[in-house]
Amino acid sequence: MRRTRVSSRSRQSVDAQGLVKLARRLSESGSRLEEQLWQRRLIELINDRLGRRNDDAVDAALEDLARSSQPAYDDLADLAESCAESTTIDIDGQPHDTLLIALPLLAWSRYRLPTTTLTAAVCDSLRAHLSGHLLARDARVALADYLFSIDQLPEAFADVRRQVELLGDAVAEGLTLHVDAKKLREPVAMLADTRYVLIAIAARQGAPLYHWQESGVDPDSKAGALSAFSEQVASVLQPVMTGCRFRVLSPNAFHAALRFADRELREFSLEAAVSYLKLAYDFGPNAITAAFGVFEDPSGNSGGEVRVGLAKTATDDDVIEGVVWPLLGDDEEQTMEDVDKALKALNLSKAVAHAHRFPLEFCDDCGAPMFPNAAGHVVHAEPPEEAEDRPAAPLH
């Protein structure tokens, strides 16, 4: 029989309240033993919901705790992410811990950034470098044969769990997971953005996943291994990233990798915007000015951000390019200092920091964000007049 909406909501409410209570008790734990007990119970509940593809209760509990208890929210969010990006699979009759990791790239181009199927040769090379530089001796690996944009990655906890299960099956079968590009959403076009390769690694329960976790191996060898891996992977992906300037970041567990890439993208986007203006319009260092300030949603429905408007020095009332620098929970004053430092490193003509706060405005026609100019007005970013007569030129 089809369930009514009322009973469904009632069930979700009961599930959410159970998660809220356990998360509160976890945040109040005074010993490791007490903490471990609450964690086990929370993990059992979360895994049960994710296994049934029902993460509404987890989302509702997080929403409740975000308003009432930050420590409990942090504890539940950490466990929900961990449960979503990991699972247990059976290989040759033995249980194996399986973790979903993401390999992020920062990239910019005056052309469209690629989202594309990776060839078998590229997948084989990536797998070889993962095994050779990062993984423990007996760990196994599989990857998805696609270069994803952030818009194409799973968002809900249940969807992340589904992704690690699919890749876990590929690990067990020794295959590469094929991704049907037709089922993916169209990415938003950006001058600078992130791209990702999704990977699953598996090892027998309790065994190390990574080389630097093995007995007799110096744990500090991690830094060197990641550096060598990123350098090798950059060469492998160079043909995929034709027409782009890009940087390979270190792979990490899915949610941690996304957060780190979000932070690294902020300064990278600023550097990309300035480089693009110099390249596309032959602007010298003294031909560009910047203005920046904090933008916030008066209703509180969206997070705050710093927006940077870039202008031609001779006409700095007009913004010709803009960059959004999300706060991501950072202190606003420190973020403004970080933006100012990043702009000074780019040797611009001047950078104006606005002390007053701006409303989080977007263009009514195209939906693009509005940016501040040197005079403190919020305007639409428009290409300079030179753009009309200048032909497109390749990056390299």
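Principal axis extents of the Cα atoms in the range 206-278, from largest to smallest and rounded to whole angstrom, are 51, 25, 19. Computed with a 1.4 Å probe on the full set of protein chains, the accessible area for residue 31 sits at about 60 Å².
Once Rg and the Kirkwood radius are both taken over the C-alpha atoms of the range 109-159, their ratio Rg/Rh works out to 1.06. Computed from Cα positions, the angle between helix 120-129 and the longest principal axis of the chain comes to roughly 70 degrees.
With an 8 Å cut-off on Cα pairs and a minimum separation of 6 or more residues, tell me the relative contact order of the range 68-216 in percent.
For the range 68-216, the relative contact order is 38 percent.
Remark: C-alpha extents of the range 125-210 on the principal axes read 41, 26, 20 Å, sorted largest to smallest. Taking amide H as placed 1.01 Å from N in the peptide plane, residue 320 has its amide H under 5 Å from the amide H of 310, 311, 312, 382, each at least 5 places away in sequence or on another chain.
Charge dipole of the chain (Cα centre as origin; +1 on each Lys and Arg Cβ, -1 on each Asp and Glu Cβ, all else neutral): 1120 debye, rounded to the nearest 20.
Both the radius of gyration and Dmax for the range 267-340 are 13.5, 41 Å, in that order, over alpha-carbon atoms. For residue 299, the solvent-accessible surface computed with a 1.4 Å probe is close to 70 Å², ligands and nucleic acids excluded. Exposure check, 1.4 Å probe, all protein chains in place: residue 350 carries approximately 90 Å² of accessible surface. Taking all Cα-Cα distances within the range 28-178, those exceeding 21 Å account for 56%. The packing ranking of peptides 49-56, 352-359, highest mean first, is 49-56, 352-359, where packing means the average number of other beta carbon atoms within 10 angstrom of each residue. Its Kirkwood hydrodynamic radius, worked out from the mean inverse distance over all distinct Cα pairs, puts the range 81-123 at 14.1 Å. Across the range 48-135, Cα-Cα pairs farther apart than 15 Å form 76% of the total. Using θ = phi - 60° in the Karplus curve 6.51 cos²θ - 1.76 cosθ + 1.60, the 3J(HN,Hα) couplings for the range 339-347 round to 5, 4, 4, 5, 5, 5, 5, 8, 6 Hz; x is entered for Gly and Pro. Taking amide H positions as modeled 1.01 Å from N, with prolines and chain starts lacking one, the residues under 5 Å from residue 350 and 5 or more places away or on another chain are 290. When the expected Rg is taken as 2.2 N^0.38 Å, what fraction or multiple of it is the alpha-carbon Rg of the range 294-391? Compactness ratio reported: 1.11. Ordering 14, 223, 258 by the projection of their Cα atoms onto the charge dipole of the chain, which places +1 on the Cβ of Lys and Arg and -1 on the Cβ of Asp and Glu, puts 14 at the extreme positive end.
Set against the labelled values (1) 1.00; (2) 0.94; (3) 1.06, Rg/Rh (Cα atoms, Kirkwood Rh) computed from this structure falls on (1). What you get for the range 58-181, charging only the Cβ of Lys and Arg (+1) and of Asp and Glu (-1), is a dipole of about 660 debye around the Cα centre. Spherically averaged projected area of the convex hull of Cα atoms, the range 215-339: 11.6 nm².
Computed from Cα positions, the angle between helix 157-173 and the longest principal axis of the chain comes to roughly 70 degrees. Computed from Cα atoms, the angle from the helix 5-27 axis to the main principal axis of the chain rounds to 90 degrees. Note on exposure: 210, 196, 111, 73 ranked by accessible area (1.4 Å probe, complete protein assembly) read 111, 73, 210, 196, with the most exposed listed first. Helical content alone sets the calculated 222 nm signal of the chain at -13500 deg cm²/dmol, taking -39,500 (n - 2.57) per DSSP H segment of four or more residues and averaging over every residue.
In sequence order, the range 86-98 has phi-based couplings of 9, 7, 10, 10, 9, 10, 6, x, 10, x, 10, 6, 10 Hz under the Karplus curve 6.51 cos²θ - 1.76 cosθ + 1.60, θ = phi - 60°, and Gly or Pro positions carry x.
The values are calculated or read from the model by the stated rules, or taken from the named source; none is laboratory data. The model shown is predicted, which means the values in this text are computed figures rather than measured ones. Ideal geometry is used to build each Cβ from the backbone, glycine not excepted, and the neighbour counts take in all protein chains shown. What goes into the accessible areas is simple: the full protein's heavy atoms, side chains included, and nothing from ligands, DNA or RNA. Shrake-Rupley method; radii C 1.70, N 1.55, O 1.52, S 1.80 Å.
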